[in-house]
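> Have a look at this one before I ask anything.
The values are calculated or read from the model by the stated rules, or taken from the named source; none is laboratory data. The shown structure was predicted, so the numbers you read here are calculated from the model rather than taken from an experiment. Reconstructed Cβ throughout: ideal geometry from the backbone, glycine too, with neighbour counts over all protein chains shown.
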Amino acid sequence: MTLLKLENITKRFGGLIAVDDISLEIETGELIGIVGPNGSGKTTLYNVISGVYPPEEGRVIFEGRNITKLPAHRRAPMGIGRTFQIPRPFSSATVRENVAIGALFGTLSGKVSVDESLAIADHYLDLIGLQAQKDKTAGGLTPTDKKLMEISRALAMKPKLLLMDEAMAGMHPKDLDDMVNFLKKVAEEENIAIVAMVEHIMRAVTGFADRVMVMHRGAKLIDAPTAEALSDPRVVDVYLGRPSEVKHVEG
Amino acid sequence: MRFFYSSLLDFWEESEIKISKYYPLIPVYAAYLVLFLVGFTVPGMWQLMALLAFYCALGQSWNIFMGMTGYVDFGYVTFIALGTYGMALGITIFYQSGLGIGIIFIGLFLALFLSTLSALLEAGIALRLRGAYFAIACIAINEGLRHLIEGTRVWGGSEGMIFWQELVEAFGRETTIQLTTFWVDLAVLIIAAIAALITIIFMRGKIGYALTAVREDEDAAKVMGINTMKYKTIAFVVSGWLGASVGALAWGLKLTHVFPPDVFVIHYTVECIVVVLLGGAGTLLGPVVGGLIYGLSKYWLAVILPGFQLLIFAPIVIIIIVAFPEGIIGLLKRKAKGTRFEKYIM
């Protein structure tokens, strides 16, 4: 079943075209990587999907419903969760309260009590391995722990679609592999479609995504199964400039 | 029987958990009780107690919006002023109606009504703005309202309203004196207690979580599914109600007059800010501690060094705010973490 459908999305900031005529379909439970160099429009695309701002052209359709004009706070409970490139914790609140906020406001029923939301928070913090930090204020966490907290906060929203913005940047390769495995497991258990956005850590994409969309200067360069997309000469060109270096890097 | 006993025990434990959420009210109410008892029993102390109750009530009312959302409303005095006008209107319109003490409740109701109108208007205009823009928009609304009243000559225009005679006619001289020198001050203390109760209910509830998210990162809050405008407006209106009630009682009914240049004064907003920041913004006990310290120092400095109080007080405030940016209670809360006092301080 199609979960999210983007139809010819264009977003401009003044004269700058940040997202240029992008169409994309995401199925329920699918794992997708969005790859592109810095400034290629990935975050803007996320902002359009999560409702931070509307696109100038095109439609965003979620579970068959046109949500192009819906404000962000009404999209989240429908099942669109997200993490940020630079983590945005609610710093003065504890880690547990941060995750509870996701459960309190981000779930569809809207009938989660404060106590229930704290219980949900405990569950996801256990799952991701942050239970020891749960009573600390979120502002005092290490950058990696902040990312983990954001992921549990997004998961506590019971999303159907989880947009992850560079969640794996700056991680140790070992942690990164653990994270990829964790995400795959959660996605399967809770039937979440995960879109992971990656600037240059291909290890995260190859291990994680079934399908990759490569963006370049706001436009879609290619949308194909992972191996095929990453070895496409145009993609290599965007990243490395010269096709002859491909084999060297990939090997 | 045994089952009955154990389920009774469960019920007790459960309700104890529920009650324990409200333990932080204990120090607040203890402070108010001491305030009342000292004022009531020690001769000559009642006026000081009234002043302290006024600052505690204002600080707590203001804290509900500013402390929880981080929005600094420099025009907060608008609510206090409108509350004063509400009381003045209630008394001058209805003093011959034979409703007795009811006209004071009509006055309070009008105070709440006017503050709600202005809060919703301000929410529509100013709450969409942030930071300095919000603060300045609120000042503009405050000044605008004052000039509107003076310019259009409604509600007595720049001459204001004086209603001592009306009160005497409605209640008689003795009762009016009783009312304006004792009951009004007690009522302000009760408003302070209600404000504390609302604060803790907000903090423990869904709205408290929403407002914390707004204060820390409003855009992230929206993406988490929080209708930020809704929760900000609720806190703004409720904070306005409490401010208007304080105005209606401590300025309206107590002074029995209202003049635009006396009530639409930003200075009082600044006092609110000082009280809240001294004690700790966004804490429950903070405005009480801040109100007591600020009120007491202002009172004593005026006695010891009349005319110099601001000169002395300003640097003290600056030092305290630089040394403990999270306020006295913020600091205390951090120190109390992990001790048995933790559950009483919020």
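> When you go through A:Ala196, A:Ala204, A:Ala154, A:Ala187 one by one, which is the residue that is farther than 19 Å from A:Ala103 by Cβ and in a helix (DSSP H, G or I)? Break it down stepwise before answering.
Values: A:Ala196 fails: in a helix (DSSP H, G or I); A:Ala154 fails: farther than 19 Å from A:Ala103 by Cβ; A:Ala187 fails: farther than 19 Å from A:Ala103 by Cβ.
Only one candidate passes the filter, namely A:Ala204.
> Can you confirm whether A:Ile120 is aliphatic (A, V, I, L, M), touching a helix residue (DSSP H, G or I) at 6+ places or on another chain (Cβ under 8 Å), assigned to a helix (DSSP H, G or I) and more than 10 Å from chain B (Cβ to nearest Cβ)?
yes
This table checks each residue for (1) at pLDDT 95 or above; (2) among the β-branched types (Val, Ile, Thr); (3) surrounded by 17 or more Cβ atoms within 10 Å (Cβ to Cβ).
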site: B:Ile191; (1), (2), (3): yes, yes, yes
site: B:Ala195; (1), (2), (3): yes, no, yes
site: B:Met224; (1), (2), (3): no, no, yes
site: B:Ala250; (1), (2), (3): yes, no, yes
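> May I ask you to say which residue of A:Ala103, A:Ala167 is crowded, with 23+ Cβ neighbours inside 10 Å, more than 9 Å from every other protein chain (Cβ to nearest Cβ) and outside any helix (DSSP H, G or I)?
Numbers: A:Ala103 fails: outside any helix (DSSP H, G or I).
It is A:Ala167.
> If you check A:Ala138 against the conditions, is it more than 15 Å from the chain's Cα centre (by Cα) and within 14 Å of chain B (Cβ to nearest Cβ)?
The answer is yes for A:Ala138.
> If you don't mind, another one. Scan region B:250-266 and tell me whether some residue there is aromatic (Phe, Trp, Tyr), out of contact with any strand residue (DSSP E or B) (no Cβ under 9 Å at 6 or more places or on another chain) and in a helix (DSSP H, G or I). Break it down stepwise before answering.
Residues of region B:250-266 that are aromatic (Phe, Trp, Tyr), as a first pass: B:251, B:259, B:264.
Now drop any that are not out of contact with any strand residue (DSSP E or B) (no Cβ under 9 Å at 6 or more places or on another chain), which leaves B:264.
Next, only the ones that are in a helix (DSSP H, G or I) stay: none.
Looking through region B:250-266, none of the residues is aromatic (Phe, Trp, Tyr), out of contact with any strand residue (DSSP E or B) (no Cβ under 9 Å at 6 or more places or on another chain) and in a helix (DSSP H, G or I).
Every residue, every condition in (1) more than 30 Å from B:Ile207 (Cβ to Cβ); (2) assigned to a loop (DSSP other than H, G, I, E, B); (3) away from chain B (no Cβ under 12 Å), yes or no:
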position	(1), (2), (3)
A:Arg12	yes, no, yes
A:Asn38	yes, yes, yes
A:Thr43	yes, no, yes
A:Tyr46	no, no, no
A:Pro54	no, yes, yes
A:Val60	no, no, yes
A:Thr68	no, yes, yes
A:Met78	no, no, no
A:Ser91	no, yes, no
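> Taking into account only those residues within region A:80-89 that are of a type in the set (A, V, I, L, M, F, W, C) and either touching a residue at least 60 places away in the same chain (Cβ under 8 Å) or buried (at least 21 other Cβ atoms within 10 Å of the Cβ) (or both), which is nearest to the other protein chains (Cβ to nearest Cβ)? Break it down stepwise before answering.
Of region A:80-89, the ones of a type in the set (A, V, I, L, M, F, W, C) are A:80, A:84, A:86.
From what is left, the residues that are either touching a residue at least 60 places away in the same chain (Cβ under 8 Å) or buried (at least 21 other Cβ atoms within 10 Å of the Cβ) (or both) are A:80, A:84.
On the way: A:Ile80: 8, A:Phe84: 7 Å.
Per the stated criteria, the residue is A:Phe84.
> Within region A:127-135, is even one residue free of Cβ contacts under 8 Å to residues at least 60 places away in the same chain, of a type outside the set (A, V, I, L, M), under 28 Å from B:Lys333 (Cβ atoms) and within 12 Å of another protein chain (Cβ to nearest Cβ)?
Yes.
> What residue, among those in region A:106-117 that are in a loop (DSSP other than H, G, I, E, B) and among the polar types (S, T, N, Q), is farthest from the other protein chains (Cβ to nearest Cβ)? It would help to see each step written out before you state the result.
From region A:106-117, those in a loop (DSSP other than H, G, I, E, B) are A:107-113; that's our starting set.
Checking which are among the polar types (S, T, N, Q) leaves us with A:107, A:109, A:113.
Working: A:Thr107: 8, A:Ser109: 12, A:Ser113: 8 Å.
My answer is A:Ser109.
> Would you check if B:Ala170 is over 22 Å from the mean Cα position of the chain (by Cα), at the interface with chain A (Cβ under 10 Å from one of its Cβ atoms) and not basic (Lys, Arg)?
Values: over 22 Å from the mean Cα position of the chain (by Cα): yes; at the interface with chain A (Cβ under 10 Å from one of its Cβ atoms): no; not basic (Lys, Arg): yes.
No.
> Somewhere in region B:288-295, is a residue within 14 Å of chain A (Cβ to nearest Cβ) and among the aromatic types (Phe, Trp, Tyr)?
Initially, region B:288-295 is screened for residues within 14 Å of chain A (Cβ to nearest Cβ), giving none.
No - not one qualifying residue is present in region B:288-295.
> Then there is this: Looking at region B:295-343, which of its residues are assigned to a loop (DSSP other than H, G, I, E, B) and either polar (S, T, N, Q) or over 20 Å from B:Gly70 (Cα atoms) (or both)?
Within region B:295-343, the subset assigned to a loop (DSSP other than H, G, I, E, B) is B:305-308, B:324-326, B:337-341.
Passing the criteria: B:Leu305, B:Pro306, B:Gly307, B:Phe308, B:Lys337, B:Gly338, B:Thr339, B:Arg340, B:Phe341.
> Also: Quick one: A:Val212 ticks every box in (1) in a helix (DSSP H, G or I); (2) crowded, with 19+ Cβ neighbours inside 10 Å bar one, so which box is it?
(1)
> Of B:Ile80, B:Ile93, B:Ile17, which residue is in contact (Cβ under 8 Å) with a residue 60 or more places away in the chain and either within 14 Å of the chain's Cα centre (by Cα) or part of a helix (DSSP H, G or I) (or both)?
Going through B:Ile80, B:Ile93, B:Ile17 in turn, the sole match is B:Ile80.
> Residue check: is B:Glu122 of a type in the set (D, E, K, R), in a helix (DSSP H, G or I) and under 20 Å from B:Ser245 (Cβ atoms)? Give the derivation first.
Details: of a type in the set (D, E, K, R): yes; in a helix (DSSP H, G or I): yes; under 20 Å from B:Ser245 (Cβ atoms): yes.
Criteria met by B:Glu122.
> Would you say B:Gly291 is on the phi > 0 side of the Ramachandran plot and either surrounded by 24 or more Cβ atoms within 10 Å (Cβ to Cβ) or in contact with a His (Cβ under 9 Å, 6 or more places away or on another chain) (or both)?
no
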